[in-house]
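Here's the structure we're looking at; comments come further down.
The values are calculated or read from the model by the stated rules, or taken from the named source; none is laboratory data. Everything numeric here is computed off the predicted structure, so don't read it as measured data. Backbone-built Cβ (ideal geometry, glycine too); neighbour counts: all protein chains shown. To get the accessible areas, we keep the full protein, side chains included, count just its heavy atoms, and leave off ligands, DNA and RNA. Shrake-Rupley method; radii C 1.70, N 1.55, O 1.52, S 1.80 Å.
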Amino acid sequence: MVKNLTIAMKKLGRLPRIKFLKRVKLGVRKYMTDYPYYITVQTVSACNLKCKHCFINDYHTDIHDGLIKIMKMEEFRAFAERLTPMIKHAAFFNFSTFEAILNKNLFQMMDLLLQINPDIQFPFLSNTMELSEDKVRQLEKYPIYEINMSLDGYTKKTVEDFKTEVVFEKIIETIKMLKASSLKDKVAVTFVLHRNNAHELPDYIDFVHQLGVRRIYVNNVLTFTKALEPLALYTPDGNVEVQALIDEAVKRARKHKIAISVPRMKPKQMGCQTVEAFYVDVKGNVAPCDFLGVTTPFTLWGKTTSSPPVIFGNIFKTDPLEIYRSPEARQFRQSHRVGRDLPTQCVNCIDAYGLMCSNRIHHTA
C-alpha cells in the first residue's frame with residue numbers, strides 16, 4: 001500500500017496542473033476498481049505515409065510479424081462485445097496508434113462505443129492528410145478529447161524532408177480548419193525533435209501561436225535501427241546546445257500562454273506510462289504497447305536489441321479483464337511504475353528514460 005502511494009505521488013508530481021485533478025480522480029477510480037481507464041484497439045494498423053522514422057514501414061521486412069490491416073465493422077463489433085465491461089469503466093478509447101481516420105467505419109465505431117459508455121472520450125492522432133472538411137464536421141459531433149497533429153517544423157522543406165509524402169500546406173490548412181470549428185480548443189501539435197529540425201523549435205512556438213494552437217508536445221525521435229541514430233540528439237550526458245533551444249521554446253510558450261510538454265535530453269530511468277493502457281492489436285492480442293506487440297528492434301547508444309512480442313493473452317480466448325489483472329500484466333506495469341528493474345524488452349526503448357512521450361516535463365500555459 002505504501003509503495004503504491006509513493007508511486008502515485010511521483011506520477012502525479014509530473015502532471016501539468018491543468019490535468020492534475022482529473023488524473024487524481026481517474027487514478028483513484030482505476031486503483032479502486034482495477035479497470036484500465038485508457039483502451040487502445042488497433043482498428044487501423046496501416047498508414048497513408050511512409051515516413052522512414054516510423055516502425056510500421058519495417059512491417060514485413062525487419063518486423064516480420066507486423067500485420068497491415070484495416071478492421072471491418074463486423075470485426076469491431078466482436079471486439080467491442082468482448083471489451084464491454086472494460087469500456088463501461090474506461091475514460092478514453094483510442095482507435096489506433098497510426099492513422100485512425102483511414103477506417104471508413106470510424107464514426108460507426110464511435111457510435112457503438114457511446115451506446116456502451118456515453119461518457120467515454122476519444123483522443124485522436126493524425127498526420128492530417130486524410131482530414132477533409134466533411135470529416136471535421138463529423139468529428140464535431142463526437143466527444144473528442146484532443147486532436148493531436150504531427151507538425152515537425154515551421155518550414156515546408158523541414159517538414160516534408162522528414163515525413164515522406166506529407167504536404168506542409170495541407171497540415172496548415174487543416175489546423176486553420178479545426179481552429180474555425182467547434183473543436184478549436186481540442187487542437188494540439190506534436191514536434192518530433194531531431195538533428196535536422198532542432199534549430200526551428202523556438203520559432204516554431206511563435207509560428208503555431210499565430211495559428212491559434214494552445215498545446216504543444218515535443219518528442220525525441222525513437223531510433224529503431226542504427227540508420228536512425230544520426231537523427232537523435234539525446235546523449236548519456238545530455239545535450240547542452242539542444243537543451244538551450246528547448247529552454248527558449250518553453251520561454252516563448254509561456255509568453256504566448258501555450259502549454260508545452262518537452263522531453264529530457266539526458267536519460268533518467270523512470271519507466272513508461274504507455275503500459276498503463278489496455279492495448280489490443282488487430283488480431284485481439286493484448287500487449288504492453290504497439291511496439292511490443294510485434295518484434296520491434298530498438299537501438300540505443302549503438303546497441304540494437306530485438307525481442308519476441310510480449311503477449312499477455314488474446315481477448316477471444318481469455319476474458320479481457322482476466323488478462324489485465326493477470327500476474328504477468330500486473331508485474332509488467334508495476335516495474336514501470338516503480339522505474340526500476342525494467343523488463344528486458346524495454347531497456348533499450350527511450351520511452352523508459354523520459355526521452356519520448358512518457359514522463360515529459362510539463363509547462364502549463
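Please report the net charge: other residues with Cβ closer than 11 Å to the Cβ of THR225, K and R +1, D and E -1. Walk me through the numbers before you get to the answer.
On the way: positive: LYS52, LYS226; negative: ASP58, ASP62, GLU229.
Once positives and negatives cancel, what remains is -1.
In percent, how large is the relative contact order of the chain, given Cα pairs closer than 8 Å and 6 or more residues apart?
On the way: 683 pairs, mean separation 65.6, N = 365.
With pairs under 8 Å counted, the relative contact order is 18 percent.
Estimated at 0.36 nm per residue, the fully extended path between THR305 and LYS69 surpasses their Cα-Cα distance by 82.3 nm.
What the phi angles of the range 247-252 give under the Karplus curve with 6.51, -1.76 and 1.60, with θ = phi - 60°, is a coupling list of 4, 5, 4, 4, 4, 5 Hz, glycine and proline written as x. Determine which residues of the range 123-157 fall in the zone a paramagnetic label at SER182 would reach in this model, i.e. backbone nitrogen under 12 Å from the point 7 Å along Cα→Cβ. 137-144, by backbone N distance to the label point. Rounded to whole Å, give me the distance from the Cα center of the range 105-133 to that of the range 295-316. Cα centroid to Cα centroid, the span is 29 Å. Placing pseudo-labels 7 Å out from each Cα toward the beta carbon at ALA227 and TYR145 gives an inter-label distance of 3.4 nm. Taking amide H as placed 1.01 Å from N in the peptide plane, the amide H of LEU67 sits under 5 Å from none that are at least 5 places away or on another chain.
Quick check on the chain: of the DSSP beta bridges with both residues there, what percent are antiparallel, nearest 5%? Bridges in the chain are about 35 percent antiparallel.
Between amide H atoms placed 1.01 Å from N, distances below 5 Å from ASN219 occur with PHE191, VAL192, LEU193, all of them 5 or more places distant or on a separate chain. Working from label points 7 Å from Cα in the Cα-to-Cβ sense, the ASP247 to GLN269 distance is 2.8 nm. Less than 5 angstrom separates the built amide H of THR40 from those of ASN94, PHE278, TYR279, VAL280, all sequence-distant by 5 or more or on a different chain.
Applying the Karplus relation 6.51 cos²θ - 1.76 cosθ + 1.60 with θ = phi - 60° to the range 326-332 yields 3J(HN,Hα) values of 5, x, 5, 5, 4, 5, 4 Hz, where x marks Gly and Pro. Below 27 Å Cα-Cα, how many Lys pairs turn up in the range 244-365? Only count pairs eight or more apart in sequence, or on different chains, if you could. Lysine pair count for the range 244-365: 7. Extending 7 Å from the Cα toward the beta-carbon at both LYS52 and ASP111 defines two label points whose distance is 4.4 nm.
VAL166 sits with roughly 10 Å² accessible to a 1.4 Å probe, with DNA, RNA and ligands left out of the calculation. Here the extension length gained between ASP134 and ARG195 equals 18.3 nm, from 0.36 nm per residue of separation less the Cα-Cα distance. Where only DSSP H runs of four or more residues are counted, the chain gives -10500 deg cm²/dmol as its mean residue ellipticity at 222 nm, each run worth -39500 (n - 2.57).
Taking every alpha-carbon pair under 8 Å whose residues sit at least 6 apart, the range 137-196 reaches a relative contact order of 48 percent.
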